[in-house]
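Student: Have a look at the structure that comes next, please.
Derivation of every value follows stated rules applied to the coordinates shown; laboratory data play no part. All values derive from a computational prediction rather than experimental measurement. All Cβ positions, glycine included, derive from the backbone under ideal geometry; neighbour counts span all protein chains shown.
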Amino acid sequence: MSSDRRTGGSGRWQNWGRTQSVVPREVVAVADADDVVAAVRRARSEAGTVKAVGSGHSFTGIAVAPGIQIDTTAMTGLVHADPANRRVTVRAGTRLHEMPAILEPLGLAMPNLGDIDRQSISGATSTGTHGTGRNFGGLATQIVGLRMVTGTGEMLTVTDADRATLEATALGLGALGILTEITLACVPAFAIEATERAMSVDDAIAGFLDAVATHDHHEFYWFPHTDVALSKTNRRLPADTPVTGPGRLRRVVDDEILSNGIFGVMCAAGARFPSVTAPLARVAGAALSSRQMVEASHEAFVSARRVRFREMEYAIPLAEVPEAIGEIRRLIADRGHRVSFPIEVRAAAADELMLSTASGQTTGYIAVHRYHGDRPDSYFTDIEEILFRRGGRPHWAKMHTRTADDLRHVYPRFDEFRALRDVLDPDRVFANDYLTTVLGR
């Protein structure tokens, strides 16, 4: 998955999913906090707006910057390491895929990751990126301190001694300030035994709650138009566990040729000729096979995603996942949706962050995807209706149609977050259309 920053000679910025684009009035490349302070103060003095952009992996308009766009590409790397207390401080533009090179020499690792590592650490945490695991929170729960530039152009240092402020700013949507440094609580480096198994979707759904309760990390993917699911279960092991599993050739065949190359061709064919989507899905389902491997944690968590797509994901109470998936299956059949991408089902621990999708409840996640070339239809909004009815909270970086009035009812601390926004960004220099929609003015 590559990052998308600027295309063509017009200076137009596009996100990876091709769902958002903008021509910023100005682009400012920053190397340190002083550069950010200067940009924010200038935007405020001009009654303008300013936004930081990372790797462009949000499908929503959360990072769209029509005013000053701050490019964080150069604001990367390690600031300070405290191996004894398992803490590291990194610059906010550091990409997730750069973290292993920082942490491995220290004998450390991030406790959990999502399945994509192209995002910046600040973008991933600010939008609620998460992995799977009933006892593991999203990436923002790993933050124990941060530095940010507020909307008044002041530097603010937040530590875990100020829990209320940290519970807002660790997952702040870019609405409270521009992060310059992030301090993470890490864990000793560890390996993962990853087991992938093809099974019936009925078994995957029926066994989901037990699987997430008994395994460190569990998820499954259901391929619409088939009765097949792929389950993925990870067991945490000591870091010195020998690496095992398929050889390099088998991995290239599975991960690049099948999962990306051939899959991309099938998606493109389905987009052009929708009638072949279901037959091709059955071919893909029949090709699924089981495998087991042991590798370093970051290698096990992350997968290559080279086929461009669009995504919507909702968080609902964990116990409701099996019934919700059943309802989605019936909807796809009844309304004749033709879907080439699998539906992903995960879990996460409850946390205390104000606007985390797992705030206050152990959570199940249901993510639906569309190939970027598919014709527009009601697939996302049809499923969104099912999930929002169950108290669902949309992932902040993934497509949805919710507004501040909707979200206030599913986030008990919504107005507490808004009150802090009034303090930290009174002039709304960090606002854009998306933030106005989901937070209000």
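Student: Simple spin-label model, 7 Å along Cα-to-Cβ: Asp405 to Asp160 in nm?
Tutor: Reported label-point gap for Asp405 and Asp160 is 4.1 nm.
Student: Please compute the Kirkwood hydrodynamic radius over the range 5-130, one decimal place, Å, based on all pairs of different Cα atoms.
Tutor: 15.6
Student: First measure r as the distance between the Cβ atoms of Asp202 and Arg12, then evaluate 1/(1 + (r/R0)^6) with R0 = 45 Å and state the FRET efficiency to the nearest 0.05.
Tutor: So, using R0 = 45 Å, E works out to roughly 0.45.
Student: In whole Å, largest first, what are the principal axis extents of the Cα atoms in the chain?
Tutor: Principal extents (largest minus smallest coordinate, Cα): 60, 49, 45 Å.
Student: Which one of Ala349, Ser290, Phe190 is farthest out on the positive end of the charge dipole of the chain, using unit charges on Cβ (Lys, Arg +1; Asp, Glu -1) and the Cα centre as origin?
Tutor: The listed residue farthest towards the positive side: Ser290.
Student: What's the angle, to the nearest 10 degrees (0 to 90), between helix 277-287's Cα axis and the longest principal axis of the chain?
Tutor: For helix 277-287, the angle is close to 80 degrees.
Student: Compute log10 of I(q)/I(0) for the range 291-424 with the Debye formula, placing one identical point scatterer on every Cα and leaving out solvent, at q = 0.11, 0.19, 0.21 Å⁻¹, to two decimals.
Tutor: -0.47, -1.16, -1.29
Student: Using a 7 Å offset from the Cα along the Cα-to-Cβ direction at both Arg308 and Thr214, what is the distance between the two label points in nm, to one decimal?
Tutor: 4.3
Student: Work out the length of the dipole vector of the chain about its Cα centre, built from +1 on the beta-carbon of each Lys and Arg and -1 on the beta-carbon of each Asp and Glu, and round it to the nearest 20 debye.
Tutor: Once rounded to the nearest 20, the dipole reads 1040 debye.
Student: Once you've got the GNM for the chain with C-alpha springs shorter than 10 Å, pick whichever of Gly123, Gly264, Gly177 has the biggest mean-square fluctuation.
Tutor: Greatest mean-square fluctuation among the candidates belongs to Gly264.
Student: What list of ³J(HN,Hα) couplings, whole Hz, do you get for the range 76-81 from phi and the Karplus terms 6.51, -1.76, 1.60, once you set θ to phi - 60° and write x for glycine and proline?
Tutor: Those phi angles translate into 10, x, 6, 9, 7, 10 Hz.
Student: Taking the Cα centre of the range 102-237 as origin, sum charge times position over the Cβ atoms of Lys and Arg (+1) and Asp and Glu (-1), and report the length of that vector in debye to the nearest 20.
Tutor: 200
Student: Let me check against my output: what whole-number percent is the relative contact order of the range 327-370, with C-alpha pairs under 8 Å and at least 6 apart?
Tutor: 38 percent.
Student: Taking only C-alpha pairs under 8 Å that are 6+ residues apart, what is the relative contact order of the range 264-419 in percent?
Tutor: Value for the range 264-419: 30 percent.
Student: Next question, about the same structure. What is the sum of charges around Arg390, taking Lys and Arg as +1, Asp and Glu as -1, for the other residues whose C-beta is under 12 Å from the C-beta of Arg390?
Tutor: Spelling it out: positives minus negatives among the neighbours equals -3.
Student: Ok, one more. Given Cβ point charges of +1 (Lys, Arg) and -1 (Asp, Glu) and nothing else, what value in debye, to the nearest 20, does the dipole of the range 293-441 about its Cα centre take?
Tutor: For this selection, approximately 440 debye.
Student: From the residues Gly145, Met75, Ser58, which one has its Cα farthest along the dipole of the range 6-163 in the positive direction, the dipole being from +1 and -1 charges on Cβ of Lys/Arg and Asp/Glu about the Cα centre?
Tutor: Farthest towards the positive pole: Ser58.
Student: Would you kindly state how much longer the chain becomes between Ala269 and Thr195 on full extension, computed as 0.36 nm times their sequence separation minus their alpha carbon distance, in nm to one decimal?
Tutor: Length gained between Ala269 and Thr195: 23.6 nm.
Student: On to the next question. Please list log₁₀ I(q)/I(0) at q = 0.11, 0.18, 0.23, 0.24 Å⁻¹ for the range 84-192, using the Debye equation with identical point scatterers on the alpha-carbon positions.
Tutor: Ignoring solvent entirely, the Cα scatterers give -0.32, -0.85, -1.37, -1.48.
Student: Another one. Would you mind calculating the relative contact order of the chain from Cα pairs under 8 angstrom and at least 6 residues apart, reporting the percent as a whole number?
Tutor: RCO, the chain: 18 percent.
Student: Restricting things to alpha carbons, find the Rg to Rh ratio for the range 107-255 using the Kirkwood radius for Rh.
Tutor: Taking Rg over the Kirkwood Rh, I get 1.06.
Student: Could you tell me what percent of the DSSP beta bridges with both partners in the chain are antiparallel, to the nearest 5?
Tutor: So the antiparallel bridges in the chain amount to around 85 percent.
Student: Amide H of Phe309: which non-local residues (sequence gap of 5 or more, or other chain) have their own amide H closer than 5 Å, using H built in the peptide plane?
Tutor: His372
Student: Can you give the helix-only mean residue ellipticity at 222 nm for the chain, where every DSSP H stretch with n ≥ 4 adds -39500 (n - 2.57) and the sum goes over all residues, rounded to the nearest 500 deg cm²/dmol?
Tutor: -7500 deg cm²/dmol
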